[in-house]
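See below for the structure under consideration.
The values are calculated or read from the model by the stated rules, or taken from the named source; none is laboratory data. Model, not experiment: these values are computed from the prediction. Here the Cβ is made from the backbone with ideal geometry for all residues, glycine too, and neighbour counts use every protein chain on show.
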Amino acid sequence: MIIIRTKGSTASALPYILPILLFIAFVSVYPFVNGILKSFYTDMVFGAGRYFSGLENFREMFSDSLFWVGLRNNVIWAATCVGLELVLGMLIALLLNLPYIKLRSVHRALILLPWATTPVVAALIWRYIFGVMGPLNTLLRAVGFSNPPGWLITPGYSLFACIVANVWIGLPFVIVILLAGLQSLPLDIYEAASIDGAGVLRRFFYLTLPLMKSLILILVTLTSIWTFNMFDIVFSMTNGGPGNSSLLLSLYAYQNAFAYFQQGYGSAIGIVCLFILLLPVTFYIREVRSET
Amino acid sequence: MRKLLILLLIAAFGTALFGITLDFFCLAWQPAAVDAIFDLVDEWNLNNPDVQVNIIWGTWETSDQYLLTSFQGRDAPDVFHTDAEKFHEFGVMGYAAPLNDYVSDELLEDIPASIIDDCYDMFGNLYGIPWCQEVQVIFYNKDIFEENGIVLPDDRMITWDELVEVAVKTTKRSSQGVTTTWGFLAPLMERFHWTLIAQNDGHVLVMDDNGKWRVDINEGAREAIEFYLSLIVEHKVMPRDVISIDYTSLMQGFINGNYAMVTFGCWNRRFLIQSGAVNWGMLLVKNDGNKINASDPQAFGISSMSKHKDEAFRFIEFMTNAKNSAEISYNDFLFPVRKSALQDPRFSSSVHEWDTAKSWLQYADNVKPAMPGFYSFEWRVFVPNLEKVILGSTDLDRAIKTIIDEGNRTLRRLGLQ
């Protein structure tokens, strides 16, 4: 069947899609444009008030030590979370893909439970677990560690604790996607490889990974974007402390906008995050296009 | 009967159509206080069918964000409740309505000047009506004190040196050197260090005659900060847990005997009474003759965008009258600010140490600098640098230099310089 697209058919569809386009413009485009415009204003809330300052917020940012601390933490946060989710996710997906695993759908449903938990609720649970007197330290003391660390009040450990919580939430999604990918792989190639004497590791590195390359790349790109922008976990667990050692850019932007009365500066941080994320977004769009 | 029903329906419909509804943003969270507020609002609504009040419950942790976004989104509640000193900020930013034309002399005379001053700006505009206060105390574990033979003076006020002495005595370590009981815990979020600074005639933020602020840490403030840090670093009677923002975990530690003393507001008696698991008492710290201790008064105010300011103030007058402010405060384990309300005999009872806490109100004052934007300075610059000293990432000299440099930069951006 040949479909002929005409200008007329698009124009006749416009009245039907216009309402939803306006809604999307209002909900997405307007705040986005508003945020960009705000980034060019400085808020002297107890002085001159809000005034147009051009690129002053961006200049201020590059000499702001907290911005660089946040950026460094963000890179560590995103890289570690995505890396752990990918490695652990692949291991668990491979386990679930084993032919003798029964009730795979039940496992899949149970695995999804952390993902279904509200991030703030999950963060509060993990905050309790990692507390100075929490169950983790109680367990460590019971097995002989007489002086376990204050996970949430020690630099380094605080970001690590937040990473653990975030991986716990994000892992299910990665597992489900990788499992679906594994189950779509052709079995005859593996049979042929087995006959040729390829062991488990060789089949994984020379067959599974190359065949799933596109899927893994898209997964890494999406989880990187989501993880980079995460806010609720760190806000609820450590609020960026101690000593700003777990401060992320999303949290710093929030603090500036809503706690320090610096909306313009907070918006500017958001714009910088957007530009940083354009890289993986561009990569994602290119990958999707090359797939189609 | 049918006629009566029709008349009631018309009245209800008419009220809904032509009556006023005030949105009241409230931060009370202790169960008895919440019930008391529900009862008072119900009483108001019953007696004022043309001015109905709708409660919007908020939390202390998110109140600033909620109010700021509400004001900027032009969807603010008519009446709002928060810390008394924040009304100064909201007033300067144009979000809180001046109340000078509403407030009566009787009300002003009934509230101590030191408390209501927090709600004024430097031009004499009043933005909030204080209604409750507390005094920050040190809760101590009576059993631990008894085990260590510690006897407090009759007025239960101890000096800084005595605090160290008691904390050293009550700090216990295992044979492997692990501390099992810490003598003292003063979480940074409770701001005990500001009490010490005030008691030592210290200052961190200074305003000049033109109303401009600068960061200036004098010797008194430095000594007070050094004393606070010495409890952790030198005397090792206070843990690094002071950095924690987890109130529940810290209080559980006190109940479990992990801390012999903790600083919290006197409202915390409710938590200890409810748990019933610790034999507790209260004491205060002083610096020779200087007995000032922290107080955090709360207030009500009106949004400058409210279309019903007259009615809103009538509601505030109702909530803050002597009887009602006493009722809410008592249920919140706080004290009313009105002198007439403090005459309520419940506040002089020896049960749950009401009488002791009341006798200490005379020493309670807002020890934080009265600068708008103070919280921005404190949480962006001051506290993180103190945390770094506590964690050993930097020394006090470098931390103070950073606080001064970054602090003045923050004040400049806020328009305070």
Evaluate the following for B:Leu196: is it closer than 20 Å to B:Ala364 by Cβ, in a helix (DSSP H, G or I) and away from chain A (no Cβ under 14 Å)? yes
Which listed residue, of A:Ala142, A:Ala165, is under 30 Å from A:Ile225 (Cα atoms) and modelled with pLDDT of 90 or more: A:Ala165
Is it the case, given these coordinates, that A:Leu207 is in contact (Cβ under 8 Å) with a residue 12 or more places away in the chain, within 14 Å of the chain's Cα centre (by Cα) and in a helix (DSSP H, G or I)? no
Exactly one of these conditions fails for A:Leu112: (1) farther than 14 Å from A:Leu178 by Cα; (2) surrounded by fewer than 16 Cβ atoms within 10 Å (Cβ to Cβ); (3) under 20 Å from the mean Cα position of the chain (by Cα). Give me its number. (1)
Report yes if some residue within segment B:150-160 is under 29 Å from B:Lys291 (Cα atoms), touching a residue at least 24 places away in the same chain (Cβ under 8 Å) and aromatic (Phe, Trp, Tyr); otherwise report no. yes
If you go through segment A:227-244 one residue at a time, how many are in contact with a Pro (Cβ under 7 Å, 6 or more places away or on another chain) and more than 8 Å from chain B (Cβ to nearest Cβ)? 2
Give the residues of segment B:251-279 that are under 12 Å from B:Glu190 (Cβ atoms), within 14 Å of chain A (Cβ to nearest Cβ) and in a helix (DSSP H, G or I), sorted by residue number. B:Met251
Considering segment A:12-57, residues that are within 25 Å of the chain's Cα centre (by Cα) and within 13 Å of another protein chain (Cβ to nearest Cβ), and then whichever is nearest to B:Pro372 (Cα to Cα), we arrive at A:Asn34
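Got a number for residues in segment A:40-59 being in a helix (DSSP H, G or I) and either within 21 Å of B:Trp213 (Cα to Cα) or without any contact (Cβ under 8 Å) to a residue 60 or more places away in the chain (or both)?
2
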When the residues of segment B:49-92 are filtered to those that are closer than 19 Å to B:Asp117 by Cβ and hydrophobic (A, V, I, L, M, F, W, C), which remaining residue is nearest to the other protein chains (Cβ to nearest Cβ)? B:Val92
I need a count of the residues in segment A:245-255 that are outside any helix (DSSP H, G or I) and either facing another protein chain (nearest Cβ under 8 Å) or touching a strand residue (DSSP E or B) at 6+ places or on another chain (Cβ under 7 Å) (or both). 0
Looking at segment B:87-97, can you tell me whether even one residue there is surrounded by 22 or more Cβ atoms within 10 Å (Cβ to Cβ), of a type in the set (A, V, I, L, M, F, W, C) and touching an Asp or Glu at 6+ places or on another chain (Cβ under 9 Å)? yes
Yes or no: segment A:174-182 includes at least one residue that is assigned to a helix (DSSP H, G or I), out of contact with any Pro (no Cβ under 6 Å at 6 or more places or on another chain) and surrounded by fewer than 17 Cβ atoms within 10 Å (Cβ to Cβ). yes
Note on segment B:26-59: residues over 15 Å from B:Ile328 (Cα atoms), under 17 Å from the mean Cα position of the chain (by Cα) and of a type outside the set (Gly, Ala, Ser) are B:Thr59
Exception for B:Ile404 within (1) modelled with pLDDT of 95 or more; (2) in contact with an Asp or Glu (Cβ under 6 Å, 6 or more places away or on another chain) falls at (2)
So in segment A:126-152, with the set limited to residues that are more than 10 Å from every other protein chain (Cβ to nearest Cβ) and in contact with a Pro (Cβ under 7 Å, 6 or more places away or on another chain), which one is farthest from A:Pro242 (Cα to Cα)? A:Leu140
If you take the residues of segment A:256-278 that are in a helix (DSSP H, G or I) and in contact with a strand residue (DSSP E or B) (Cβ under 7 Å, 6 or more places away or on another chain), which of them is surrounded by the fewest Cβ atoms within 10 Å (Cβ to Cβ)? A:Gln263
Do we have A:Leu219 as at pLDDT 90 or above and more than 14 Å from chain B (Cβ to nearest Cβ) here? yes
Select from segment B:33-55 the residues that are surrounded by 15 or more Cβ atoms within 10 Å (Cβ to Cβ) and hydrophobic (A, V, I, L, M, F, W, C) and list them in ascending order. B:Ala33, B:Val34, B:Ala36, B:Ile37, B:Leu40, B:Val41, B:Trp44, B:Val51, B:Val53, B:Ile55
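Identify, please: which residue in segment B:347-402 is of a type in the set (D, E, K, R) and part of a loop (DSSP other than H, G, I, E, B) and is, among those, nearest to the other protein chains (Cβ to nearest Cβ)?
B:Asp395
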Kindly indicate the residue of segment A:140-154 that is out of contact with any Phe, Trp or Tyr (no Cβ under 9 Å at 6 or more places or on another chain) and part of a helix (DSSP H, G or I) and also nearest to B:Val383 (Cα to Cα) among those meeting that condition. A:Ile153
Scanning for something buried (at least 18 other Cβ atoms within 10 Å of the Cβ), basic (Lys, Arg) and at negative phi, does segment A:127-135 turn up at least one residue? yes
